[in-house]
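The structure appears right after this line, and notes come after that.
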Amino acid sequence: MLKNYLKVAWRTLTKNKTFSLLNIFGLSIAFGAAILLSMTAFFELSYDSFHKHVDTVYQIYYTEQTPKGAVASTSHPEPLAMAIKEEVPGIQNIARHLEDDALILREDIELNLDGVWVDKSFFSIFSFPVLKGDKTPIQEKSSVAITQDAAKRVFGEEEALGKTLNILVNGQEKSFKVSSILENIPENSSVEFDIAIGFQNHGSYNEIKGEWDNRNHNVYVQLDKNVLPESFENNTVAFSKQHFAEEIENAIRDGAVKDKNGNYKQLKLLPFKNTSFASFGKGVAKVDKTLTYLIFGVALLILIIACVNFTNMSIAGSTRRLKEFGMRKTLGAPKKQLFLQLWTESLIVFIVSVGLGLLLSILFLDSFKTIFNTNISFEDFSSPQIIMGFMVMLLVITFISGGYPALLMTRIGTIQALKGKLNMEKKPHLRNALITIQFGISILLISGTLVLWKQLDYMRSKNLGYNKEHVISFPLNGKKNSYEAVQLLRNELQGNPNILNVSASDNNLGRGKDGSAYRSVLGFDYKGRGIKTNMLVVDYDYIETLDLKLLKGRGFDRKFAADSLSLVINETMVKSLNEENPLSINIMMEDSVNYKVIGVLKDYHFEKLNKSIAPITLFMNKEWDMYYAYVKVAPKNISASFDLVKNAYARVEPNAPFLGSFLNENVDRTFRRERALTTMITSGSCIAIVLSCIGLFAMSLLVVTQRTKEIGIRKVIGANILSITYLLAKDFLKLVVIGFLIASPLAWWLSKSWLEDYAYRTSISIWMLLVPGVIAFFIALLTISAKTLNAALQNPTKSLRTD
Amino acid sequence: MLLQLNNIFKWVNSGGQRIFLLKDINLNVNEGEFISIMGPSGSGKSTLLNVIGMLDGFDEGEYHFLEESVHSLKEKHRANLYKEYIGFVFQSYHLLDELTVKENLEMPLLYKKFKGSERKAMVADMLDRFNIVGKKDLFPAQLSGGQQQLVGIARALISNPKLILADEPTGNLNSAQGEEIMELFKKLNEEDGVTIIQVTHSEKNAAYGSRIINLLDGRKV
């Protein structure tokens, strides 16, 4: 029997080539896309789940009340971790965690590794598997744990365990022993590092030790099994009041409003498994998995569209097979067997499509990974449970989408089937609704694409207030002192007509090739008010190098010896200080050092465009390190100049890699999320419109077969081709228009709320809503016309005879 | 007695009016009969044949087939009944286009769950009997109308039915082919004792039968 089913199925499929190919094509694309998307979503959801104690581990953060509202801070002072463990009950383990690069020096190797400076309890809280050596890493102050890959980079093929290596700490080489080799950090870990070093070894340790007002690291805590995080939070109120008394006093003085429990500073716990989904918007951690579920949603949507198409097409196709089924019935086929036969046929199409879809997803995996910036791989999804789940899901999908038409077919009476007519008494509301939704989704996605493109283009072409085209920035990642390195660089590049300026600062603009981004904020009291400003340490010529515009006063100048006590501030900072004449401002910083404002800069976008311009203050103090060099080159021969800078830096720091890039590339890199979103929505809209059209095509096919006789009669009476085409297309185009009417306001609203995240944004113009409708309308028209024109052109005697 | 129809009525409601397709039909058929049903278009010939074949229901009356009361049977039992005892032959043959001659003949046996070896033997026997061994691997579209109807009859006969119902079996054939088919029916009836009920328009074909039933507007005349 089964053999017979397969035989008939194969012959039917090969007979209706167009139908089968359309079906398999649509389903393969849908399955391919759905596989990749759901893998991404699963991967995102699996973040940090490999830690054994993940359910009892939390990240500590503080919600602080300020005059401008609540602010969250994940950075903590050095004494906090130990103090809280002693004073608040319920803690099993607590660990400080400071992320900072470690410059490794060994023989002739000089290498920057991703370092974490942590307490030894870090490895009791988190389960990073130890491959070799001490199972509880960094028990001693002078021992380090290093990952397998990093060990290979430092020691080559040599056995790394037990060897020593030197790390540059505050300009001095310190010697450490490798006591454990760790397995490489899993891709789905939000804590990443190459090397783990004892917290006390970090360069800043002596400076921050015992200080409650200097914050620079994260704290992770593992609570006792039966301790509720909420009650733990409540138990810390007295602790916070005691240790942050001064800070709280200042907040009260500046007019901060206390929270609903009457506190100015509240310790909070963020479940560690949620850290990769958390953002600290308004003082509290907001865990937002919408994007992940959105990815699932898109995957599901695409699958649904494709399956609806399949179902509609099966029904359309089955009208041609009514006679076969009538005959099978008169030969005594029970309903169950007819159902099984049709379902087998669906199953074959689905299995082929899934196979092709899998192939597609393997083919596109690499480009998918780069575009969407994920690290998925098929190995993560090869466990028996996942494969079983996948199979079950597949069966359910085929059962529904293949079973429904099969059910319809078996329900039709034998006589009616033998006559080969399918009478549709009811209006196909379900079908119409599905088509409307399909086109609504397509229009929505196209609108989204347009809005995203426009915003991306706006952000990339916006004048940021500095020269981003001709300035190269790169991290000063060698072992030389940064001021020395910059001076050597100046000497190397001197006299070259294509090199216009060389400078440096402690922060990058945009996101460089090293991928790091941070901000330093400084707070001080000015005339009895607390003021916060971004802080930037610069070298001479910084303003000239970046073509920043000075509105008042002057920049840092070698002619003035006292410039290490001078400040250059931006317009927003002037506003925040609230002074008429900015050049008369004197600011007393904490240790009674008097700084004088010497210049005012026109506001420039030193942060991403979704933030409005914040106050910034430029310092020039050789006591503070700088981390990035800037070189302005002449507009011509840009690439030659780039090589020049690269070679010069290689002579200054022979062992350090050159990670330079132009600032406009850096700015582009900050738009990675937007770009990924744009690509996702663009490809989503392409897939949606293609699948919708396949569906529409199938539907027009069905309707044309159903109305063959009507068309014939109309032609005999004298209707022309155009009017018949219009008659047939009208019903479908109406659906597209309804879809447009529903989708447009939704698109407008969604785009608007998305753009609200950007302080600097493009406007939504009416054409961005109209164009998608027009596109969808015409694509739909084209799709329908293919079949309706054909029907209208046919000789009426032929269509009338078929009855 | 093979089957008995008592006061069969069948109607449809159209525009608030009841239109009768069959009106008070009484019919007894004995085994070995060859009956021709005649009448103008729309007189209810095909409907009557479908009712006898249990493909279609009726609204009133009683139908006994081999001591079974068809009117009180569930659909599944009815299907088992006609699967077992009735073979159908159609004007437009209704062969499955995707299957070869051999496979078409095998089809009813599959639904009756015969074993593979048995099926093979029965199909080979039937191909032999109808002299179409050479055509066993051809698809219906590759045969002439007469040959297709031959296969249609072979398929109807393969499971040894007691009754063959033929709805204008020669309607799509030319006269020579039609005559051949009618001779075949006659032979089946006389030599193998198969009961046959056919619907026909042609007086000549009707004459092959042992009894003629005339219908007009759903009524026996």
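Some notes on this structure:
- Test result for B:E183, assigned to a helix (DSSP H, G or I) and over 25 Å from B:F65 (Cα atoms): yes
- Taking the conditions (1) within 14 Å of chain B (Cβ to nearest Cβ); (2) surrounded by fewer than 16 Cβ atoms within 10 Å (Cβ to Cβ) in turn, A:G317 satisfies each one other than (2).
- For region A:264-272, the criterion of being assigned to a loop (DSSP other than H, G, I, E, B), away from every other protein chain (no Cβ under 14 Å), surrounded by 20 or more Cβ atoms within 10 Å (Cβ to Cβ) and within 34 Å of the chain's Cα centre (by Cα) is met by at least one residue.
- Cβ pairs under 8 Å, 6+ apart, first in region B:110-127 and within 12 Å of chain A (Cβ to nearest Cβ), second hydroxyl-bearing (S, T, Y): B:K112/B:S159
- Of all residues in region A:756-770, those that are buried (at least 17 other Cβ atoms within 10 Å of the Cβ) and more than 19 Å from A:N463 (Cα to Cα) total 3.
- Residue check, B:S41 of a type in the set (S, T, N, Q), out of contact with any helix residue (DSSP H, G or I) (no Cβ under 9 Å at 6 or more places or on another chain), more than 21 Å from B:T170 (Cα to Cα) and more than 14 Å from chain A (Cβ to nearest Cβ): no
- Per-region count, region B:55-83, residues of a type in the set (S, T, N, Q) and in contact (Cβ under 8 Å) with a residue 24 or more places away in the chain: 0
- The lone criterion from (1) in a strand (DSSP E or B); (2) within 17 Å of A:A698 (Cβ to Cβ) left unmet by A:F310 is number (1).
- Restricting region B:130-146 to residues that are of a type outside the set (A, V, I, L, M, F, W, C) and over 23 Å from A:K15 (Cα atoms), the residue that is surrounded by the most Cβ atoms within 10 Å (Cβ to Cβ) is B:G146.
- Number of residues in region B:51-83 that are assigned to a loop (DSSP other than H, G, I, E, B) and at the interface with another protein chain (Cβ under 8 Å from one of its Cβ atoms): the value is 3.
- Across region A:366-386, not a single residue is classified as away from chain B (no Cβ under 14 Å), of a type in the set (A, V, I, L, M), crowded, with 19+ Cβ neighbours inside 10 Å and closer than 26 Å to B:Y111 by Cα.
- Take the conditions (1) among the acidic types (D, E); (2) out of contact with any strand residue (DSSP E or B) (no Cβ under 9 Å at 6 or more places or on another chain); (3) under 20 Å from B:H94 (Cβ atoms); B:D167 misses just one of them, which is (2).
- Count - residues of region B:41-95 that are more than 16 Å from the chain's Cα centre (by Cα) and among the aromatic types (F, W, Y): 2
- From the options B:K76, B:K83, B:K23, residue that is surrounded by fewer than 15 Cβ atoms within 10 Å (Cβ to Cβ) and among the basic types (K, R): B:K76
- Qualifying residues in region A:282-302 (those that are out of contact with any Ser or Thr (no Cβ under 9 Å at 6 or more places or on another chain) and among the hydrophobic types (A, V, I, L, M, F, W, C)) - the one farthest from the other protein chains (Cβ to nearest Cβ): A:L291
- Beta carbons closer than 7 Å, at least 6 apart along the sequence or on distinct chains, pair a first residue in region B:84-101 that is closer than 27 Å to A:L6 by Cβ and more than 8 Å from chain A (Cβ to nearest Cβ) with a second that is assigned to a loop (DSSP other than H, G, I, E, B) and among the basic types (K, R) for B:T100/B:K136; B:V101/B:K136.
- Residues that are part of a helix (DSSP H, G or I) and charged (D, E, K, R), drawn from region B:134-172: B:K135, B:R155
Each row is one residue, and each column tells you yes or no for (1) within 18 Å of A:M393 (Cβ to Cβ); (2) within 10 Å of chain B (Cβ to nearest Cβ); (3) not small (G, A, S).
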residue	(1), (2), (3)
A:V308	yes, no, yes
A:N312	no, no, yes
A:L331	no, yes, yes
A:K335	no, yes, yes
A:T344	no, no, yes
A:L347	yes, no, yes
A:F350	yes, no, yes
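- Any hit, region A:50-66, residues being among the charged types (D, E, K, R), part of a helix (DSSP H, G or I) and modelled with pLDDT under 90: no
- Each residue in region A:576-607 was checked for being assigned to a loop (DSSP other than H, G, I, E, B) and in contact with a Gly (Cβ under 8 Å, 6 or more places away or on another chain), and 4 pass.
- Scoring A:A72 on the criteria (1) free of Cβ contacts under 8 Å to residues at least 24 places away in the same chain; (2) hydrophobic (A, V, I, L, M, F, W, C); (3) outside any helix (DSSP H, G or I) leaves a single failure, condition (1).
- Within the option set A:K329, A:K336, A:K323, A:K282, being surrounded by 22 or more Cβ atoms within 10 Å (Cβ to Cβ), more than 19 Å from the chain's Cα centre (by Cα) and not hydroxyl-bearing (S, T, Y) holds for one residue only, A:K329.
- Qualifying residue in region B:140-150 (condition: aliphatic (A, V, I, L, M), modelled with pLDDT of 90 or more and either touching a strand residue (DSSP E or B) at 6+ places or on another chain (Cβ under 9 Å) or closer than 29 Å to B:G42 by Cβ (or both)): no
- Filter pass, B:N131 being away from chain A (no Cβ under 14 Å) and either at negative phi or outside any helix (DSSP H, G or I) (or both): yes
- Residue check for A:F31: more than 14 Å from every other protein chain (Cβ to nearest Cβ), among the aromatic types (F, W, Y) and surrounded by fewer than 22 Cβ atoms within 10 Å (Cβ to Cβ): no
The values are calculated or read from the model by the stated rules, or taken from the named source; none is laboratory data. The shown structure was predicted, so the numbers you read here are calculated from the model rather than taken from an experiment. When we count neighbours, we look across all protein chains shown, and the Cβ atoms used for this are built from the backbone with ideal geometry, even at glycine.
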